[in-house]
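Colleague: Take a look at this one; I'll ask things after.
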Amino acid sequence: MTQVSNMQVISAMHQYGGGFASRLAAAWLHADDSNQDRLKDCFPELWAKYATLAVTLAHLREAEAERIDTEKENGLPDVEDRPPNVNEDDPRIDR
């Protein structure tokens, strides 16, 4: 399993958690090392949930980076450089 840092777990908790989880993440950021450990130990189910999410997010970032590298190796343009996908026959488009 991919290892993630405490900060990756806290980031996932802050960004994707509900009211309590996001505030717990904020408290963790303000805590010293001892209190960070206490918060982590008091809510193991939340920590496990967001650690799993952090791993998933890390895998998605790695896959995206590999996709971009593959496209560059194959001479494909970056997404930003590609023309928009426009159907010329679409009547909703003003010309």
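The values are calculated or read from the model by the stated rules, or taken from the named source; none is laboratory data. These figures come from a predicted structure and were not determined experimentally. For neighbour counting, all protein chains shown are included, and Cβ atoms are generated from backbone atoms with ideal geometry for every residue, glycine included.
Colleague: Would you pick out the residues in the stretch 4-20 that are closer than 14 Å to K40 by Cα and outside any helix (DSSP H, G or I)?
Modeller: S5
Colleague: Could you look through the stretch 40-82, keep only residues that are outside any helix (DSSP H, G or I) and loosely packed, with under 11 Cβ neighbours inside 10 Å, and pick out the one that is modelled with the highest pLDDT? Quick ask: steps written out before the conclusion?
Modeller: In the first step, residues of the stretch 40-82 are kept if they are outside any helix (DSSP H, G or I); the result is 43, 74-78, 82.
Then drop every residue that is not loosely packed, with under 11 Cβ neighbours inside 10 Å, which leaves 74-75, 77-78, 82.
Details: N74: 80, G75: 77, P77: 61, D78: 62, R82: 58.
Only one residue fits best here, namely N74.
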